[in-house]
Amino acid sequence: MRRWLAGRERPTAVDLFAGAGGLSLGLERAGFDVVVGADNDMWAMETHAANLPGLTWTGDLTDPGEFLQALDVWGIESVDVVAGGVPCQPFSRAGGPRMKAMVQRGERASHDARADLWQSFVRIVESLRPRAVVVENVPDLPRWNDGTVLMGFYESLRELGYGVDARVLDGFRHGVPQHRQRLILIGVLGGDGLSWPTPRDEFFSLHDAIGDLPIIPRAQRAEELTYDASRQTSDFQAEMREGLVGDAADAVWDHITRDVRPDDMEAFALLSEGQTYLDLPERLRRYRSDVFTDKYKRLAWAELCRSITAHIAKDGYWYIHPNQHRTLSVREAARIQTFPDRFRFAGTQTHRYRQIGNAVPPALGKAVGQTVLRALQNPRVSRVGIDSFRSELLAWRPEESHAYPWRRGARPWQVLLAELALPRCRPDDSATLYRRLLAAAPRPANLARNPDRAMERLRATGLRVAKARLVVEVAEQLVAEHGGEVPDDEMLLRELPGVGDSVCQAVRCFGFGRNAVLLDRNTARVAARTDGREDLDRFQLRLDLYRLAGSRGPDAQFNHALLELGRAVCRPSDPSCGECPVRRRCVVGTRGADAAQLKLDDETPAGWVAA
């Protein structure tokens, strides 16, 4: 083992929580030697060992001591990169409601131990001191548990001397033929200024990915079938066949699929490309159609596939073949995840589906690996501290600002009341209107006791009927469900009428003193102009604001000043770049005000919830 390790000529990497090896394969293709893959799934590790040249370690990484001891035995004292996809289930929006229901039924603990595995990851980084770190996860990570996990990564790696940046990357922009977003965090020891991969203008369709594979019936169980190269129609298909020579060039493996129930078969036959559960007649809907709107999904040849997830191990209803009455085969799922046909999977059919669904697409892993390799070959030493933007911003706008007084030490109800009722009031009017509101609605109980009288008093302050009614409805719900108190919980806050992301985060930050990103048009505009990018991805803007907040995170002081900057200086039109306190930290500001007219100014990002 030591002789083999000593013979590695390329930069080396360790892949933690490696699964079947999607990220490992991507790093290998980018120019790294992945010397160890580690995971607690023995079937995934068998797959990793069979397809990749490095070593494998199977075990629990909750306490990384045993793993580090194994590295020591193998003579691995350091590597160039520590990479890994920390288990994403605790952070996923898709799994959140289901897990919450299981906790309420007593079927699982309220705390998911997997959510702490990021700390094990950091401990391994601290021990090996790699030149770079790569973390892969779901885009919802910035929102999970008040952002503590993301901030934990940021702060821990920065304390170890790494310059850290993060992006939410669309897989289809990097050669993955499906809708799949992943959060990628990269840290470079003593460096800064990553050159992220350039997105592709064109994408591979589902037909580009799997259109050449043999036509098969449901419940196809033969492990090896004959491959007809004359069916190839895309560069993607040709790339998937690379490395297969001799007899293997005429074979395709793992093209196995599930059986289909007779009633499902009837349903599949009625669905055309792109149709879903709602397009079926009522007699064939075995599940609630108001909840499971796309329980069945017939994929479309000319489009991207829906995201391949671990759910495919349970059933394939989300992944019905475009014109064959069956769900996707193991090989088809692997192709969509960009695993080449020479890559084989261990275990039962269910084991294979789960490994594929949990994997990082190798094509995305390659794009990320190339970014890291460029950073190692051309390191750029950071010349500014991580708190420079924050310190210059706070020096410009002192805490004594009199505008929007509820953003300076108010109680949760006062913040909620003002954010709901006064979302667009002028700064000069804010203090007066706020005092009137507090007099009319000092506590939720006061409003809920006599709603009609409360409406009269709120209307007397100048509120419109709709706003006054909303305030009363919120007060009534707080009294009925929370004892008249504003809940210190994001999910519960969002259940209140009219409370979207902006109001929710404002209450958490200004009312409860929590670190929270306040993402509205003003702060989004500042983030986009600072980086000089026009993308409107909500997750990316949230990550950028975390980064700008510095080591202390997005606390009340930072958010108060940032909101004022966006309102008073970084305006949608005619921004005062010459007066901006953070102009030299801003890409657009250093180019002049004419460059500051971004598309963001006149658009609301897709998916935003109105406050």
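Each residue, E239 and E481, gets one label point 7 Å from its Cα in the Cβ direction; the gap between the two is 4.7 nm. Residue separation of Q119 and L278 scaled by 0.36 nm, minus their Cα-Cα distance, works out to 52.9 nm of gained length. Between the beta carbons of R374 and M1, assuming R0 = 30 Å, the FRET efficiency works out to 0.50 to the nearest 0.05.
Between the range 315-333 and the range 41-57, the alpha-carbon centres lie 26 Å apart. Once backbone amide H atoms are built at 1.01 Å from N, G532 has V587, V588 as its partners under 5 Å, excluding neighbours fewer than 5 places away on the same chain.
Proximity of backbone amide H atoms, modeled 1.01 Å from N, is registered between A549 and no other residue at under 5 Å, excluding neighbours fewer than 5 places apart on the same chain.
Would you mind calculating the gained length between S573 and T62 on full extension (0.36 nm times residue separation, minus the Cα-Cα distance), in nm to one decimal?
Full extension of this stretch gives 178.9 nm more.
Carbon and sulfur together cover what percent of the accessible area of the chain at a 1.4 Å probe radius? It would help to have the intermediate numbers written out before the result.
On the way: 12630 of 26440 Å².
Ligands and nucleic acids excluded, carbon and sulfur give 48 percent.
Which residues does a label at L492 reach in the range 465-481, if reach means a backbone N under 13 Å from a point 7 Å past the Cα toward the Cβ? 478-481, by backbone N distance to the label point.
Only four residue types carry charge here, +1 at the Cβ of Lys and Arg and -1 at the Cβ of Asp and Glu. Report the dipole size of the range 420-508 about the Cα centre in Debye, rounded to the nearest 20.
580
For the chain, the solvent-accessible area works out to 43 Å² per residue, with a probe of 1.4 Å and every protein chain left in place. The range 473-507 and the range 543-563 have Cα centres separated by 23 Å.
Counting DSSP beta bridges in the chain, what percent are antiparallel, to the nearest 5?
Numbers: 20 of 39 bridges.
If I count the DSSP bridges inside the chain, around 50 percent turn out antiparallel.
For K467, the aspartates and glutamates whose Cα comes closer than 13 Å to its Cα, not counting residues fewer than 8 places off in the same chain, are E419, E456.
Placing dummy labels 7 Å off each Cα toward the beta-carbon, the span from R464 to W74 is 6.4 nm. Mean residue ellipticity at 222 nm, helices only, the chain: -11000 deg cm²/dmol; runs of at least 4 DSSP H residues each add -39,500 (n - 2.57), and the sum is divided by the number of residues. Of the DSSP H helices in the chain, those with a Cα length along their own long axis of 24 Å or more and a mean Kyte-Doolittle hydropathy reaching 0.5 comprise 465-482. Annotation: amide H of G484 within the under-5 Å range of V479, sequence separation 5 or more or interchain, hydrogens built in the peptide plane. Across 10 Å bins from the origin, how do the percents of Cα pairs in the chain run, short distances first? Taking every Cα pair in the chain, the percentages come to 3, 15, 23, 23, 19, 12, 4, 1, 0.
The simple spin-label model puts a point 7 Å past each Cα toward its Cβ; for N40 and D387 those points are separated by 3.7 nm. Taken as Cα centroids, the range 202-217 and the range 410-437 sit 56 Å apart, rounded to the nearest whole angstrom. Applying 1/(1 + (r/R0)^6) with r as the Cβ-Cβ distance of E456 and E126 and R0 = 41 angstrom yields a FRET efficiency of 0.10. When M455, M42 are compared by accessible surface with a 1.4 Å probe, the order from highest to lowest is M42, M455.
The values are calculated or read from the model by the stated rules, or taken from the named source; none is laboratory data. These figures come from a predicted structure and were not determined experimentally. Here the Cβ is made from the backbone with ideal geometry for all residues, glycine too, and neighbour counts use every protein chain on show. Side chains are part of the model used for accessible areas, which takes the heavy atoms of the whole protein and leaves out ligands, DNA and RNA. Shrake-Rupley method; radii C 1.70, N 1.55, O 1.52, S 1.80 Å.
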